[in-house]
Amino acid sequence: MPRVHTVSSPDPANIGRFIQEDIPFTAEEETARDVEEAAVAAKKADYIANEKYKDDRCKAYGDVGDQLDMQYWDKVNDTTVWADHVAAVKAAHPKP
């Protein structure tokens, strides 16, 4: 489907209403948009390859308060629940 600009202009026959018209991109605009989309796709691929693991880890670690609670109870009960949790998150979402 060709790309278009949608232009609105006042309708002289109906005051307060607008006419929308689709104007096709020129060849130069198509080329420029293709270049922009390729740059966005490359940036997204780079993010996924090199940075996404950080966001995934943040979600998987959970709330800081919960982690502090795990550390407290590990100290009280002489367990390693928090350290095991961190190791599991790091294993599930490895650094590239």
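Shape descriptor for the chain: Rg over Rh equals 1.42 (Cα atoms; Rh from the Kirkwood inverse mean 1/r). Anisotropy class assigned to region 52-96 is oblate, per the alpha carbon gyration tensor with a/c at or over the 1.5 cut-off and a/b no larger than b/c.
For the chain, a simple Cβ point-charge model (Lys and Arg +1, Asp and Glu -1, everything else neutral) yields a dipole of about 280 debye relative to the Cα centre. Gain on full extension, evaluated as 0.36 nm per residue between VAL7 and VAL35 minus their Cα-Cα distance, stands at 7.7 nm. Whole-Hz Karplus values for region 75-90 come out as 5, 5, 9, 6, 10, 10, 4, 5, 4, 5, 4, 4, 4, 5, 5, 5 Hz, taken residue by residue from phi with 6.51 cos²θ - 1.76 cosθ + 1.60 and θ = phi - 60°; glycine and proline positions read x.
The string of couplings for region 15-31 from the Karplus curve (6.51, -1.76, 1.60, θ = phi - 60°) is 5, x, 10, 10, 9, 9, 10, 9, 10, x, 5, 7, 4, 5, 5, 4, 4 Hz, one whole number per residue in order, with x for Gly and Pro. For the options ALA60, ALA83, ALA13, a Gaussian network treatment of the chain with springs between C-alpha atoms closer than 10 Å singles out ALA13 as fluctuating the most. Each of ILE48, PHE25, ALA92 was scored by the projection of its Cα onto the charge dipole of the chain, and the greatest displacement toward the positive side belongs to ALA92; charges sit on the C-beta of Lys, Arg, Asp and Glu. Between the C-alpha center of region 59-96 and that of region 1-43 there is a gap of 50 Å. What pairs in LYS43/LYS95; LYS75/LYS95; LYS54/LYS75; LYS59/LYS95 have C-alpha atoms more than 21 Å from each other? In this structure, LYS75/LYS95; LYS54/LYS75 exceed 21 Å between Cα atoms.
Annotation: extensible slack from ALA83 through ASN50 equals 9.4 nm (criterion: 0.36 nm per residue apart, minus Cα-Cα distance). Backbone phi angles across region 58-74, fed through the Karplus curve with coefficients 6.51, -1.76 and 1.60 (θ = phi - 60°), yield HN-Hα couplings of 4, 5, 6, 4, x, 5, 4, x, 5, 5, 5, 5, 4, 5, 4, 5, 4 Hz in residue order; Gly and Pro are listed as x.
Computed from the coordinates by the stated procedures, all read-outs in this text should not be read as laboratory data. Just so it is clear, the model here is predicted, and its values are computed rather than measured. As a convention, Cβ positions derive from the backbone with ideal geometry for all residues, glycine included, and neighbour counts pool all protein chains shown.
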